[in-house]
Amino acid sequence: MQNVTPTVASPTIRRKPKSWRRYLVWYALIAPNVILFTIFGLLPIIATVLISFTRWNILGSPSWIGLQNFQRLLHDDEFWTSLRVTLVYAVLFVLPSAGIALGQALLISLAGRWQALFRTVYFIPVVTSITVIAMIWGWLFLPDDTGPLNYLLGKFGIPPQSWLQSLTQALPAVVIVAVWSAVGYYMVLWLSGLQGIPQELLDAAMVDGANAWTRFWRITLPLLKPTTMFVVIIGTINAFQAFALFYLLTGGGPLYNTTTIVLFIYKHAFRLQEMGYASAASMMLVVVTIITAMIQRRTIGGWSDELYS
Amino acid sequence: MQTTQHISRRQVLKLLGITGASVAIAACAPPAAPAPATGGATSSASTGGPSGKVVMWAFPLTKNDPETIWNPLVEKFTKEYPNVQVEVQMQSWDARREKMLAAAAAKATPDLAYLNNDMVFSFAQADAIVSLDDYLQKIAPELAGQYPKGMIDGLKYSGKLMMLPILSGAVCGLYNKTLYQESGLDPTKNPQTNDDILNMCVEAKKKGYYGTAYRVNNLESFNAYLYGFGGRLLSADHQTSLLDSPESVETFKYIVDLFKQEYVPKAGATAAADAAAAAATDYFAQQKQVSTEYTSNMSLIGQYQKQVSGIQLGVTEVLKAKDGTRRSTPTLGCLGIFSAGQNRDAAAYWLTWLLQPENLAFYNTQGGFVPPTASAREKWEVDPVTKEWGGQVEHIAVDQDIQYYYNSNITFIQPVLSAAALGQMAPEDAAKQAATKMNDYIKENPLK
């Protein structure tokens with residue numbers, strides 16, 4: 001008889017790993033993103049903050065001047081003009097873009113099998129080169145009789161307009177181009193929001209006798225509030241960063257009337273080689289953007305939270 | 001028996017850590033030390049000549065510069081210097097200045113590059129480029145002497161030569177001889193003064209043509225008229241803006257009048273970017289405008305000859321001031337060697353070789369600009385109109401206007417001139433405001 005020694009399996013003692021070890025894999029996985037963000041996002045931001053306290057012409061060594069750049073900004077009429085232009089542009093750009101895009105999305109959602117075609121057509125300006133857009137609209141806006149828009153106006157007995165050469169019309173003219181080129185992007189956002197609305201709710205409302213307007217006002221729009229917040233905040237941030245169209249169409253003129261804050265920053269950074277001053281203006285832009293986003297979050301965000309409470 | 005090797009989580013983490021650390025170390029490691037600048041000595045191969053790779057940044061002058069200009073030149077050079085590999089990297093003209101500044105600030109420059117003369121001061125002051133004196137002394141002692149003295153003097157910093165021109169050009173314009181004649185003017189007598197330009201505009205308007213063009217963001221054009229009135233941008237000690245001088249005020253009034261009388265297309269009153277503006281308002285190509293604006297862009301000759309069949313072009317020369325003198329803002333495309341370059345010695349060989357008369361002539365023949373040395377101009381093969389424009393390089397002047405704060409001027413002129421051209425501001429006030437802003441800028445950014 002075989003002598004069998006019963007063996008008792010010794011219980012595996014599993015030590016509870018220390019919390020940081022438990023998450024080490026996850027830290028490793030997010031590391032590439034964090035490293036890239038640090039190099040291309042965080043460090044430039046820190047550098048901008050530091051440079052804003054210096055006088056630096058890009059090539060030489062920066063010299064520390066404390067708050068002088070900020071003091072100079074406070075007394076710089078051009079800076080305040082650019083801030084005003086940017087804020088006015090943001091309002092003129094965001095509201096029509098969001099509104100027109102929502103209208104387009106609603107119409108497209110009714111288009112059935114033609115939806116993809118319309119979506120593509122409206123999206124084309126979004127993927128078109130901004131330089132090409134500026135060249136085409138620059139031609140449309142020609143101020144004399146040869147300008148196509150003025151030619152059309154002439155057909156209705158309206159005299160030729162100065163458009164980009166006018167102190168009062170230049171900004172609205174650029175807004176028209178900006179809205180035209182951006183509306184397709186916001187339309188796609190609205191469309192995805194609309195597709196998230198349960199059809200049963202709309203059907204139930206219809207059974208209850210709600211007409212199209214009531215269904216839109218009472219069901220669709222309230223359920224689109226998260227999308228609304230996203231569209232408005234993204235639109236505002238894009239408006240605050242407006243540069244290319246202004247640079248290409250008006251160069252900030254006439255008489256600073258279309259000088260946005262980013263154009264102001266660009267001019268001081270690269271034309272005048274005042275990196276410190278440009279960085280200080282960038283810091284001001286960050287502050288304005290954060291304040292605006294907070295206000296929007298409080299108004300639209302609160303509105304949206306209510307929905308789910 | 002099958003053996004399965006399990007890799008523990010710890011091992012995976014170790015591996016990741018080692019890989020990450022290696023990448024980080026590799027990324028943070030300093031670049032290979034640049035070849036020492038030994039006062040022009042070469043990075044010697046066994047043959048004793050220059051060796052290694054030379055990287056150069058160039059900007060396009062034709063539709064296909066690598067094929068038409070650089071490949072033939074590099075091939076020829078390599079036959080002479082087989083141990084040097086030259087790589088010419090084409091850069092876009094867009095945001096050229098910004099790109100160069102950023103590269104120099106980050107010390108991410110090539111060995112040498114095409115640089116414009118207005119960059120001499122800021123690049124040299126920041127030690128971004130090195131002096132060419134020692135290199136020239138060792139490699140090509142005769143080279144600098146081939147250039148006009150005024151041109152060379154303008155490229156010096158603290159007495160040291162920092163760049164050498166590879167192309168040059170004066171600020172001129174073109175006129176359509178047919179429309180000029182139709183306007184009742186003698187096509188063999190081109191406009192010589194500001195008054196002649198104005199007279200051309202008056203006569204052209206009678207026939208329904210624009211006389212010329214003006215864009216408020218074109219400093220070359222502003223300078224053409226300012227010099228025509230005998231004015232300057234800066235005082236001789238480069239401490240004071242002269243934008244409010246009587247000559248400058250006269251220039252502002254003159255330009256505003258061009259817009260007011262509709263002698264030039266109105267679109268130029270707004271400072272749209274060049275490409276957008278040009279596409280929208282090229283009335284010269286449409287044969288509705290007698291002359292082009294003043295510019296250094298000589299490629300317009302070929303462009304219009306191709307675009308408008310049978311067009312007869314003449315050159316509106318550098319304008320003559322009342323005292324009979326002529327001066328033009330210089331266009332000097334130069335070559336400079338960067339202090340952060342990896343192979344500066346071999347780069348110096350490439351630079352001096354490129355500037356030999358035969359190569360200079362080839363480069364400018366293909367590129368449509370003017371060789372800056374007389375010996376190269378003898379070998380320069382171009383059409384008569386280009387030759388006529390090229391002859392104006394004798395009027396280019398490199399002085400305080402160009403060396404200090406040059407590009408800043410237009411930043412302050414543009415908005416107020418635009419407003420004046422649109423009737424929103426008196427020209428006198430515009431000139432005064434531009435000068436005030438420029439003087440504030442000089443105070444904020446004193447030169448060392």
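The values are calculated or read from the model by the stated rules, or taken from the named source; none is laboratory data. Here the structure is a predicted model, which is why all the values come from computation and not from measurement. Cβ atoms come from the backbone with ideal geometry, glycine included; neighbour counts cover every protein chain shown.
Sort out which residues of the range B:370-387 are in contact (Cβ under 8 Å) with a residue 24 or more places away in the chain and either surrounded by fewer than 18 Cβ atoms within 10 Å (Cβ to Cβ) or within 30 Å of B:L447 (Cβ to Cβ) (or both), and write them in order of number.
B:P372, B:A374, B:S375, B:D383
Output the number of residues of the range A:24-76 satisfying the condition of being part of a loop (DSSP other than H, G, I, E, B) and away from chain B (no Cβ under 12 Å). Before the answer, list the steps.
Taking the range A:24-76 and keeping what is part of a loop (DSSP other than H, G, I, E, B), we get A:52-53, A:56-62, A:65-67, A:75-76.
Then drop every residue that is not away from chain B (no Cβ under 12 Å), which leaves A:52-53, A:66-67.
Of the residues in the range A:24-76, 4 are part of a loop (DSSP other than H, G, I, E, B) and away from chain B (no Cβ under 12 Å).
Has the range B:288-308 got at least one residue that is within 14 Å of chain A (Cβ to nearest Cβ), over 30 Å from B:Y135 (Cβ atoms), touching a residue at least 12 places away in the same chain (Cβ under 8 Å) and not aromatic (F, W, Y)?
Yes, the range B:288-308 has at least one match.
Among the candidates A:A269, A:A242, which residue alone is buried (at least 16 other Cβ atoms within 10 Å of the Cβ), modelled with pLDDT of 90 or more and within 14 Å of chain B (Cβ to nearest Cβ)?
Details: A:A242 fails: within 14 Å of chain B (Cβ to nearest Cβ).
The match here is A:A269.
Restricting to the range B:312-341, give me the number of residues that are in contact with an Asp or Glu (Cβ under 7 Å, 6 or more places away or on another chain) and at pLDDT below 90. Talk me through it step by step, then tell me what you get.
Of the range B:312-341, the ones in contact with an Asp or Glu (Cβ under 7 Å, 6 or more places away or on another chain) are B:315, B:329, B:337-339, B:341.
Applying the additional criterion that residues be at pLDDT below 90 yields B:329.
Counting residues in the range B:312-341 that are in contact with an Asp or Glu (Cβ under 7 Å, 6 or more places away or on another chain) and at pLDDT below 90 gives 1.
Keeping to the range B:328-349, report how many residues are crowded, with 24+ Cβ neighbours inside 10 Å and either of a type in the set (D, E, K, R) or over 14 Å from the mean Cα position of the chain (by Cα) (or both).
Final tally of qualifying residues: 10.
Take the conditions within 14 Å of chain A (Cβ to nearest Cβ), crowded, with 17+ Cβ neighbours inside 10 Å, in contact with a Gly (Cβ under 8 Å, 6 or more places away or on another chain) and over 18 Å from B:N297 (Cα atoms) and apply them to B:A419. Does it pass? Walk me through it before giving the result.
Working: within 14 Å of chain A (Cβ to nearest Cβ): yes; crowded, with 17+ Cβ neighbours inside 10 Å: yes; in contact with a Gly (Cβ under 8 Å, 6 or more places away or on another chain): yes; over 18 Å from B:N297 (Cα atoms): yes.
Yes.
Which condition from (1) surrounded by fewer than 17 Cβ atoms within 10 Å (Cβ to Cβ); (2) more than 14 Å from every other protein chain (Cβ to nearest Cβ); (3) not polar (S, T, N, Q) is the one that B:A58 breaks?
Only one criterion is unmet by B:A58, namely (1).
Restricting the search to the range B:196-218, which residues are within 14 Å of chain A (Cβ to nearest Cβ) and either part of a helix (DSSP H, G or I) or more than 16 Å from B:T251 (Cα to Cα) (or both)?
In the first step, residues of the range B:196-218 are kept if they are within 14 Å of chain A (Cβ to nearest Cβ); the result is B:205, B:208-210, B:213-218.
Listed by number, the residues that qualify are B:K205, B:G208, B:Y209, B:Y210.
When you scan the range A:145-179, how many residues do you find that are touching a Phe, Trp or Tyr at 6+ places or on another chain (Cβ under 8 Å) and touching a residue at least 40 places away in the same chain (Cβ under 8 Å)?
Residues flagged as touching a Phe, Trp or Tyr at 6+ places or on another chain (Cβ under 8 Å) and touching a residue at least 40 places away in the same chain (Cβ under 8 Å) within the range A:145-179 amount to 9.
Looking at the range B:374-414 only, could you name the residues that are over 24 Å from B:T316 (Cβ atoms), in contact with a strand residue (DSSP E or B) (Cβ under 9 Å, 6 or more places away or on another chain) and within 14 Å of another protein chain (Cβ to nearest Cβ)?
Selection gives B:Y404, B:Y405, B:F412.
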